[in-house]
Structures are given as C-alpha cells and as structure tokens.
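Below: one structure, written as structure tokens.
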Amino acid sequence: MAEPESPPPTAPVLIIGAGLAGLVAAFELAERKVPTLILDQEGPASLGGQAFWSLGGLFCVDSAEQRRMGIRDSRELAMRDWLGSARFDREREDYWPRRWAEAFVNFASDEMEAYVKARGLGFLMNVGWAERGDGRAEGHGNSVPRFHVTWGTGPEVVRVFAEPVRKAEREGIVEFKFRHVVDELVVDPTTGRAIGVRGRVLEQDDSPRGVKSSRVEVGKFEIMGSAVLVSSGGIGGDVERVKKMWPVDRLGPKVPQNFVVGVPAHVDGRMLDIAEKVGANTVNKDRMWHYTEGLQNWDPIWPGHGIRVLPAPSSLWLDATGKRLPPFLFPGCDTLATLKHICSTGYDYTWFITDQSIVAREFALSGSEQNPDVTNKSIWQVLTQRIFSSKGTIPVQNFIKHGKDFVVANNLEDLVAAMNELISVVPDAPKLDYAQIKEVVDARDSQFENTYSKDAQAMLIHNARTYFPDKRSRVAPPHRLLDTKKYGPLIAVRMNLLTRKTLGGIETNLRSNVMRADGTPFPGLYAAGEVAGFGGGGVHGYSALEGTFLGGCIFSGRAAGRAMADEVLGVKKDGGSS
C-alpha cells in the first residue's frame, strides 16, 4: 500500500471509541462546528461505553449539594486527599499525572458542577461517602463525602452528551461508523503526524448493549483525518491481560487466578499496543483498580459478569480462613490496601458476615441496571426501596434469593455450615471452623454494647452516622450481629475479586496531546479517558477516590475536544503543553 499523503484541512477529526470521553470530545468539537468522525468496534446500542453501566458518580468539591448537607469541603482538602491517595513517586512517569491531578482537582472545585449541570445533569440530594480512608489524615481516602450520584445514573451521564452529538450528526457535523475495529494508526512518514486509521469492518450485529458481539470480518477500511483521538477504554475485560500486568511486587505475592469481570468483553486494551507501535509513550501500566466485593451476577450480560457491592461500614469482613481483616480494611474504606491483603492470604475470595438489617440499608450494587429506582428517576421507588424498606432494593433482594455467593441462616452455626457447603466445590478452599468464627463474632459484638468502643470498626460506624444522610438511609444502627430476633436473619456473602479499571496508560500533556518517549508531543495524536489513565497516563497515581473515573473521562475528553478544535481551526494556545 502506498504511503498516504497528509489530509486536507477539511478532513474530519477521528475519534476511536464512542464511550464517554469520546462523546465529550465530540460534543466540544461539534460546539465549534469541527467535522468529526467517531469509530467504534461495537454497534449503536453500545453508545456511551462503560459509562452507561455506571452508577453515575462524580467527584465534585464544595458543591451546592455538599453545602446543603452541611459538608465543609475545599480545594485544599481535596488536593491533600488526592495526593495522599495517589502517592506519586516516579520522577519521569508521574510528571504529567501530577499536573493532571492538580488540574482535575481545580476542575472539580471550579467547573465540574456547572459544566455538567449546564448539559442538564442533576444529582441526588445526599452526597455519598466513598473510599472513607485508611485512618490517617494524610493518607488515602476522602475526608468528606464527595460522591455525587447522578439522578438517572450512568445512562443520564451518557445522554446529556450523546443527545447534542446526535443532533450534530443530523446537522452533518458528526458521523458515526460503528462495527469498525481500528488495527493501525496511520502516521505521515515525513512530518511524523497522526493522519488516519486502518482496520476491519465487522459484520452487523444487533446484540444488546454489553453482550459479546461477533468478530466476523466483512471488509477493511482506511480513513484519513485532521487529528486522531484514542478514547477506547482500558483492559478490564481481558482477564489474562490483567493477570499479565499484575504488580506482584505491590499487590503480591502471587497473581490471583479467579476474577469476576466488571466490564464487557470488548474492553480489551488493544489500542494501548496500537498506539505504542507508532511511538506513543505509555506509562504506569502496572497501576490498576480492581474491587474486592464482587458478586457473580445471577443474570449475566457479558462473560463472567460481576457486580460490585458498594458497602457501608457495618459488615464483618473475614478472609477465606475465617480471620477478621485488620484495621483499617473495613467495607468501603481502602480498596487497594484490602486487595493487597487478600492477595497475601493465598486465596481469591473473602466473606462478609452480616444480617438482614445491614444488607437492607448498606448493600448498594454497582451498575445502572442494578439501580432501576435511580436510573428511572422514580422518587417513589427510592423512598419505598431505600428509605423505608426493611429488605433493601429489589435487585439486592434478587441477589439474596438467586445469587451463588449468598447464604442465609437463623443462627451462626447453621450459617457457617452453609458457608462451608458453598465453598466445598472450590479446590483447596479452607474449611471454616465454627468455634473460631463464633469467637470473632462475639468479640465484634462485645464492642456494640455501648456507644463508645475501642474497636476501630465500631468507631467508624458511629462516625459515619454523624453524617445525617448516612444515618437516615445508608448506615444501619449499630447492633450485635447475633441479635437475630431483631436484626436477622444472618447472611454470609462470598466476595470475589472484580476486574475494573486501568490507572496507567498513554502519556498526555494537559491538552490531551499524546507524548512520545523523548518527552515531545506527538503531532495530531490525542488520548482521553481510561486509555490515557484518565489523564496524563495516570492521574490517580496508585489509588482512586471514586467518582473520578467518569469525571476523568469528562475532563480529559473535554481537554482533547477543545485542543483538537483549536488545532483544526488554527487557534494558537499554550494550554500547558510543555
């Protein structure tokens, strides 16, 4: 094939990936009437990518919702929390991530709320408190609630950007090419500029969103553009790739063998390799974000489909052998520290011992489809299922009834017997000893006879309930687990490891322009969203604060869209490119 010539200025901007970051970039380009072509390997049903399946949580600082709840937040506090979680320690690879971290916290403090609300997005009144921390003021975690749940969850986040992009499509500004798999980035051999893409056209497949689609090829394509944005997502759908990239030195001592999968199969990370092949620099690829509270989905959509429990702090957390996890590895506190501890046990699962009252109040499930009350914007369902229900939401009740990881019993001895029966088919699974479990539960329960305690988890629960929304609807009243007449029955839940996010990726400057290994910008090539580590090649460092994945897609997609529009339109801007 002959070497292509550089395209004329009228050639469209090419966006690889129709997820949230790509849509935000397309929205910004369309606002300035820049012709845009969006390619995606899936069909139209998958528009919005992983964001559609999310709970729709966004990290905002000093928002109207926070102030209404009496939360005192600030840019300075958020920045301290971010840096305490990120723990940036790599002079070269963390240069741009550090700058992106500062820029993102500024965006979350100054513009995020207004930017998304101007598109029509609204939040639930109560702000959620995710990643409550490792017990140190200077350490990991959110000092205050910052998790703003979208009224309408992930589909609403997608809608407010997809609708104006679809409108621009009708006006001839934006074009979509679905079922187009990019296999190669085209670079002008003279200028070194990214000028196009090559790949395969897949056969039409009308499978529903998330279902694994056909890979049958029906043709090839080559498309030239004025600039190229890679916004194709991470590696979480490829379990073998996750295992290959696993940082044994940090999350060891061995690679876990069993996961449930938190994203669809097409989230495969291929574009990382394709971008590297033409000279894009990738950094921090050993940094990952996987959850420790995964459930096997009893009604799966994609292969190995897992659902995460978003727990509040009351459940008793035991390792596979029946030992209680140490402070501050409590539900909802420090995801990656808990992951590291679990990996050190030699087993890939843990146990929650809890009860009906805790599950009803504290078990939220990740995913828009697992929260139909909020997704469908039903105030009545929110009130009846979350505020006044003694059983929890309908999806939670369905997991208790149908889920493979749940056992229910009226007393602890029967519960432990059922737990042993559940893991009897798991090779080398340790049998739980009732007497040992009883001692752990009794010790825990002894700390709930008074409103004060020496137990760190009891203190955490009491502290959480000083925040009114948590006291009213999120954290169960402190009580003894063995007080089954009032709070039972007892429930045990096997928690699996759940693949989810890539925290490293393609290195970019603050305009989302891809960097080369020599530290110079790659002309015409941009990256945004998870494939770019949500900005810079790893804006989170080692740990995330939640609400920052969707927020990172929005912020980096916005930066990319504006920068590409400036470039195509000939607008000269510094924008933090050096």
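The values are calculated or read from the model by the stated rules, or taken from the named source; none is laboratory data. Everything numeric in this text was worked out from a predicted model, so none of it was measured. Don't worry about glycine lacking a Cβ; one is built from the backbone with ideal geometry, like all the others, and counts go over all protein chains shown. Protein only, heavy atoms only, side chains kept; ligands, DNA and RNA dropped before computing areas. Shrake-Rupley method; radii C 1.70, N 1.55, O 1.52, S 1.80 Å.
Estimated from helices alone, the mean residue ellipticity of the chain at 222 nm is -9500 deg cm²/dmol (sum of -39500 (n - 2.57) over DSSP H runs with n ≥ 4, per residue). Across the stretch 398-409, computed HN-Hα scalar couplings (Karplus, 6.51 cos²θ - 1.76 cosθ + 1.60, θ = phi - 60°) run 5, 5, 4, 6, 10, x, 6, 9, 10, 9, 10, 7 Hz from first to last residue, x flagging Gly and Pro. The alpha carbons of the stretch 195-319 give a radius of gyration and a Dmax of 18.0, 57 Å, in that order. What translational D, rounded to a whole number of µm²/s, comes out for the stretch 465-569 from Stokes-Einstein when the hydrodynamic radius is the Kirkwood one over Cα pairs, at 4 °C and 1.567 mPa s? Value of D from the Cα-based Kirkwood radius: 76 µm²/s.
Taking Cα atoms only, the orientation of helix 95-110 departs from the longest principal axis of the chain by about 70 degrees.
When we measure straight from the Cα of LYS254, which lysines land under 24 angstrom away, once same-chain ones fewer than 8 places off are left out? By straight Cα distance, LYS254 reaches LYS243, LYS244, LYS285, LYS323, LYS340, LYS431, LYS501.
If I compute solvent accessible area with a 1.4 Å probe over the protein chains, what percent of it on the chain is carbon and sulfur?
That fraction is 52 percent.
Each residue of the stretch 269-311 gets 104 Å³ once the volume of the Cα convex hull is shared out per residue. Compactness of the stretch 86-237 is given as radius of gyration and Dmax, 20.7, 57 Å, from Cα positions. The distance from the alpha carbon centre of the stretch 7-58 to that of the stretch 298-366 is 35 Å, rounded to a whole number.
Within the chain, antiparallel bridges make up roughly 70 percent of the DSSP beta bridges whose residues both belong there. With q set to 0.08 Å⁻¹, the log10 of I(q)/I(0) for the chain, from the Debye formula over equal scatterers at the Cα positions, is -0.52.
Annotation: amide H-H contacts under 5 Å for ASP183 (H modelled 1.01 Å from N, sequence separation of 5 or more, or interchain): ARG198, GLY199, ARG200. Against the longest principal axis of the chain, how steep is helix 153-170, in degrees 0 to 90 to the nearest 10, with axes from Cα atoms? Value to nearest ten degrees: 20. Ellipsoid semi-axes for the stretch 139-193, based on the Cα gyration tensor and the rule √(5λ), read 35, 24, 11 Å when sorted largest first. Averaging 1/r across all pairs of distinct Cα atoms in the stretch 361-511 and inverting the result yields a Kirkwood radius of 18.4 Å.
Relative to the longest principal axis of the Cα atoms of the chain, helix 434-446 runs at roughly 90 degrees. Taking amide H positions as modeled 1.01 Å from N, with prolines and chain starts lacking one, the residues under 5 Å from VAL149 and 5 or more places away or on another chain are LEU58, LEU124, GLY128. Heavy atoms of the protein chains alone define the surface here; on that basis the chain has 38 Å² accessible area per residue at 1.4 Å probe size. Quick one: net charge of GLY133's neighbours, Cβ under 11 Å, K/R +1, D/E -1? Around GLY133, the surrounding residues sum to -3. Applied to the stretch 119-127, the Karplus parametrisation 6.51 cos²θ - 1.76 cosθ + 1.60 on θ = phi - 60° returns per-residue 3J(HN,Hα) values of 7, x, 7, x, 10, 4, 5, 8, 8 Hz, with x for Gly and Pro.
Each residue of the stretch 284-301 was assigned a 3J(HN,Hα) from its phi angle through the Karplus expression (A = 6.51, B = -1.76, C = 1.60, θ = phi - 60°), giving 6, 6, 7, 8, 9, 9, 10, 9, 10, 10, x, 10, 5, 6, 6, 10, x, 9 Hz with x at Gly and Pro. Within the chain, the longest segment free of exposed loop sites, counting GluC sites (Glu not before Pro) that fall outside DSSP classes H, G, I, E and B and have at most 11 other Cβ atoms within 10 Å, spans 172-448. In terms of its alpha-carbon gyration tensor, the stretch 34-157 comes out oblate; a/c meets the 1.5 threshold, while b/c is at least as large as a/b.
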